[in-house]
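These notes concern the structure reproduced below.
The values are calculated or read from the model by the stated rules, or taken from the named source; none is laboratory data. Not measured: the values here are computed from a predicted model. Positions of Cβ are backbone-derived with ideal geometry, glycine not excepted, and every protein chain shown enters the neighbour counts.
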Amino acid sequence: MKPQRRSVEPFYFPGNRVGCLLIHGFSGSPSEMRLIGERLAQDGLTVLGILLAGHGLTQEQRPKTSWEDWAKEAEAGVKALRKSCDTVIGIGLSMGGLLVLHLATLDLLDGIVTMNTPMVAGEAISGKVLLSLDRGIRQVERKLDLVKCPALLMQSMKDRTVNPVSVKILQEKIQQVRPTVLLWENSGHILTLGAEREEVVHRVQDFLRQFKAQA
């Protein structure tokens, strides 16, 4: 199955009773998450890649949307997967990772994978983007001590959009569990499609093996 990286449409691959909610980043689309989604589907997992309001083909609507809108959509994604899945894992890139953390603070997920998730904005984020994103960062950061599910935190060291120190902040503030932290030396912000994407996929697959589908 060849990945359709240019597609901005949401995607759904039915599988077993372990579900994966994939969430793209700010100004991105599900295409950022499709490669990893297809690989997880090949492993037999149920995969849902959502399209956040104001993104993809609806970018002209973005100024009318907010962090609160995206958080509600992420919560709806979990609810949709719970209809057929006993276990739901959140996997998010950049702001998508922030939304995954939001879900974890509400105890809605059984495991999380975050990639280049901001706790400190980098040099490429400014203006209106920063205002909405910063509000989400502050809300999530205050509640990180509520995260209690297994966590895999990934960070690209060449990321110019998200300051790499963010992953250290996450590691320190998630205290109920000991997160696994992976640093990527040769990748930029879009870790899922970067130079190390194959190894990224493999490490996510390894992490997910602890979650077994119930008979």
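For every residue, the table says whether it meets (1) among the aromatic types (Phe, Trp, Tyr); (2) touching a residue at least 12 places away in the same chain (Cβ under 8 Å).
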| position | (1), (2) |
| --- | --- |
| 159 | no, yes |
| 177 | no, yes |
| 184 | yes, yes |
| 195 | no, no |
| 200 | no, yes |
| 208 | no, yes |
With respect to residue 154, is the statement that it is under 18 Å from residue 191 (Cα atoms) and modelled with pLDDT under 95 true?
no
Enumeration of residues in the stretch 167-183 that are part of a helix (DSSP H, G or I), in contact with a strand residue (DSSP E or B) (Cβ under 7 Å, 6 or more places away or on another chain) and either surrounded by fewer than 17 Cβ atoms within 10 Å (Cβ to Cβ) or of a type outside the set (A, V, I, L, M, F, W, C) (or both)
171
Return only the number of the condition from (1) out of contact with any Gly (no Cβ under 9 Å at 6 or more places or on another chain); (2) charged (D, E, K, R); (3) not in a helix (DSSP H, G or I) that residue 158 does not satisfy.
(1)
Within the stretch 184-204, how many residues turn out to be more than 15 Å from the chain's Cα centre (by Cα) and in a loop (DSSP other than H, G, I, E, B)?
7
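Could you tell me whether residue 207 is under 23 Å from residue 149 (Cα atoms), assigned to a loop (DSSP other than H, G, I, E, B) and under 18 Å from the mean Cα position of the chain (by Cα)? Outline the logic, then answer.
On the way: under 23 Å from residue 149 (Cα atoms): yes; assigned to a loop (DSSP other than H, G, I, E, B): no; under 18 Å from the mean Cα position of the chain (by Cα): yes.
Taking the combined requirement at face value, the residue does not satisfy it.
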Answer with yes or no whether residue 133 is surrounded by 17 or more Cβ atoms within 10 Å (Cβ to Cβ), in contact with a Pro (Cβ under 8 Å, 6 or more places away or on another chain) and at pLDDT 95 or above.
no
Of residues in the stretch 7-40 being without any contact (Cβ under 8 Å) to a residue 40 or more places away in the chain and outside any loop (DSSP other than H, G, I, E, B), the one farthest from residue 211 (Cα to Cα):
31
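Among the residues in the stretch 45-54, are any at pLDDT below 95 and not small (Gly, Ala, Ser)? Steps first, please.
Just the residues of the stretch 45-54 that are at pLDDT below 95, to begin with: 51-54.
Narrowing the set further to residues that are not small (Gly, Ala, Ser) leaves 51-52.
Taking every residue of the stretch 45-54 in turn, at least one turns out to be at pLDDT below 95 and not small (Gly, Ala, Ser).
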Which residue is surrounded by the fewest Cβ atoms within 10 Å (Cβ to Cβ), if the candidates are limited to the stretch 137-151 and must be hydrophobic (A, V, I, L, M, F, W, C) and modelled with pLDDT of 95 or more?
146
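Keeping to the stretch 82-110, report how many residues are on the phi < 0 side of the Ramachandran plot and crowded, with 21+ Cβ neighbours inside 10 Å.
Quick first cut of the stretch 82-110, residues on the phi < 0 side of the Ramachandran plot only: 82-93, 95-106, 108-110.
This time we only want the ones that are crowded, with 21+ Cβ neighbours inside 10 Å, so: 85, 87-93, 95-104, 109.
The qualifying residues number 19.
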